[in-house]
Amino acid sequence: MIKLIKSTFFKESETKKNLTEFINRTKQLSFGRECVLFEKNFSGYQERKQCVLVNSGSSANLAIIMALINLGILKRGDMVGFSALTWSTNVMPLIQLGLTAVPVDVSLQTLNVHSETVHKTLKRYPLKMLFLTNLLGFCSDPDKIAEICRDNKIILIEDNCEALGSIYKGKKLGNFGLASTFSFYVGHHLSTVEGGAVLTDNYNLASMLRIVRAHGWDRNLSLARQNSIRNRFKVNSTFYSRYTFYDLGFNLRPTEIAGFLGNIQLKYLDEINQKRRDNFKRLAEYLYTNPKLYYPVKYNHLDFISNFAFPLICKSREIRDKLVAKCEKKVEIRPIVGGDITTQPFFRKYMGKISFNYSQSQARLIHEQGLYFGNNPELTGKEINTLIKIFSK
Ligand SMILES: Cc1ncc(COP(=O)(O)O)c(C=O)c1O
């Protein structure tokens, strides 16, 4: 069986050995030095000024929406566009926090939202924010999408949980908007078992994210920020200052274990991404050039494609269903991410009243005719040949 995920970490035994030693020697396992160091290292890697580490990609999505509401940038009831083909917890925080979630269809060519569809959506819905998912390491034209958002005063946030390392027109995906979110769950580009982050260049937003991450208090802010917020709220006594809660928050903190693992795995990230890119190109050469079976997914417009799974969009549902049967006990496969979110029960329950007329969408086609298998750095040449053989017929 070729599994979706082969291991918890890259260089697993070495990483586990280091982790055991770390646990034995450290005095602190709650949020501390390792987490702060990983924030510094990861923001350096992604070329962003601020990184706020949290305990999952889903928490990162929840935190950014809460922070934007706390700052008054978003207001309850505002319309927020999201990629119709994404993960559930990209959309759920919008609904949970009282926003109206508006699906924006994706393109069959790239599996991602294209600027023209953003234009069309804006004619019907006055969006305040666009939560763009960079699905499976691909993208359409995020530079143009960013331009539309700028021109229309729409906040652009990227859910980059599936595209760490992808580069478009010389710029890393995740760096096109005000902020971006990342997941470090097992099987993603970089694993800390569970983990996530929000990255931004905006210091104000990062400070609010730190308040949101931990109970609404100011303990993880810089001294200057602490002084300023304490002065504003006239909190003069040290006795109360550590227990003053300034705005709405959660507890989304990661542990030192995640920080430590992040620092180790980050050293391997380029190697991991290169291996996956090589696997991807080899598979794409054989499988995306088979027009009888599949719609090719466009990736040549990217400078670097970094993904953890290989998607196939079949020309018909029959082909897809036959492949599903063929893969049983041979290759672990699954639907494309969370599928067309508008068909999911939670979306129908809470956003069903809004009519989006989505039966003709490309997201629906990809949902009904797509599948993916894992593209992990430990795939062997033999396994790649097996995959090519299975999916070529
Ligand atoms: C696009 C996207 N957003 C958010 C998430 C949530 O990340 P996590 O599993 O770390 O909560 C995922 C998870 O796979 C995802 O694919």
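The values are calculated or read from the model by the stated rules, or taken from the named source; none is laboratory data. What you see is a predicted model, and the numbers here were worked out from it, not measured in a lab. Don't worry about glycine lacking a Cβ; one is built from the backbone with ideal geometry, like all the others, and counts go over all protein chains shown. Please note that ligands, DNA and RNA were not included when accessible areas were found on the heavy atoms of the full protein model with its side chains. Shrake-Rupley method; radii C 1.70, N 1.55, O 1.52, S 1.80 Å.
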message = Condition first: of a type in the set (A, V, I, L, M, F, W, C), open to solvent by 30 Å² or more (accessible area, probe 1.4 Å) and under 25 Å from residue 55 (Cβ atoms). Now tell me which residues in segment 218-253 satisfy that.
response = 245, 248, 250
Residue among 239, 245 that alone is modelled with pLDDT under 95, more than 16 Å from the ligand (Cβ to nearest atom) and not in a strand (DSSP E or B) = 239
query = What do you reckon, is residue 95 in contact with a helix residue (DSSP H, G or I) (Cβ under 9 Å, 6 or more places away or on another chain), more than 20 Å from residue 343 (Cβ to Cβ) and within 16 Å of the ligand (Cβ to nearest atom)?
reply = no
message = I'm told residue 57 meets every condition in (1) in contact with a Ser or Thr (Cβ under 7 Å, 6 or more places away or on another chain); (2) more than 16 Å from the ligand (Cβ to nearest atom) except one. Can you identify the failing condition by its number?
response = (2)
ask   = Does segment 211-219 contain any residue that is of a type in the set (Phe, Trp, Tyr) and within 16 Å of the ligand (Cβ to nearest atom)?
value = no
task = Can you confirm whether segment 164-182 contains a residue that is of a type outside the set (S, T, N, Q), more than 22 Å from residue 375 (Cβ to Cβ), within 12 Å of the ligand (Cβ to nearest atom) and under 13 Å from the mean Cα position of the chain (by Cα)?
result = no
Count of residues meeting criterion [in contact with a strand residue (DSSP E or B) (Cβ under 9 Å, 6 or more places away or on another chain), open to solvent by 30 Å² or more (accessible area, probe 1.4 Å) and in contact (Cβ under 8 Å) with a residue 60 or more places away in the chain] in segment 195-217 = 4
message = Cβ contacts < 8 Å: first residue within 21 Å of residue 251 (Cβ to Cβ), restricted to segment 15-43; second residue open to solvent by 90 Å² or more (accessible area, probe 1.4 Å) and at pLDDT 95 or above, any location; separation 6+ or different chain. Result?
response = none
query = Among the residues of segment 37-87, which ones are open to solvent by less than 30 Å² (accessible area, probe 1.4 Å), closer than 30 Å to residue 335 by Cα, hydroxyl-bearing (Ser, Thr, Tyr) and outside any strand (DSSP E or B)?
reply = 56, 59, 86
request  = Tell me, please, whether a residue that is in a loop (DSSP other than H, G, I, E, B) and of a type in the set (S, T, N, Q) can be found in segment 169-180.
outcome  = yes
message = Residue under question is residue 66, and the condition is that it be more than 15 Å from the ligand (Cβ to nearest atom), within 30 Å of residue 384 (Cβ to Cβ) and either touching a helix residue (DSSP H, G or I) at 6+ places or on another chain (Cβ under 9 Å) or not polar (S, T, N, Q) (or both); does it hold?
response = no
remark   = Of the conditions (1) basic (Lys, Arg); (2) touching a helix residue (DSSP H, G or I) at 6+ places or on another chain (Cβ under 7 Å); (3) under 24 Å from residue 155 (Cβ atoms), the single one that residue 210 does not satisfy is (2)
Residue 162 being out of contact with any strand residue (DSSP E or B) (no Cβ under 8 Å at 6 or more places or on another chain) and open to solvent by 10 Å² or more (accessible area, probe 1.4 Å) = no
task = Output the qualifying pairs, or none if there are none: Cβ atoms under 7 angstrom, residues six or more apart or on different chains, first residue in segment 173-185 and under 12 Å from residue 59 (Cα atoms), second residue more than 15 Å from the ligand (Cβ to nearest atom) and basic (Lys, Arg).
result = none
query = Could you list, in sequence order, the residues of segment 108-129 that are open to solvent by 40 Å² or more (accessible area, probe 1.4 Å), of a type outside the set (Lys, Arg) and part of a loop (DSSP other than H, G, I, E, B)?
reply = 109, 114, 126
request  = For residue 289, work out the one condition from (1) among the β-branched types (Val, Ile, Thr); (2) open to solvent by 60 Å² or more (accessible area, probe 1.4 Å); (3) at pLDDT 95 or above it doesn't fulfil.
outcome  = (3)
ask   = Could you list, in sequence order, the residues of segment 135-163 that are part of a strand (DSSP E or B) and within 15 Å of the ligand (Cβ to nearest atom)?
value = 157, 158, 159
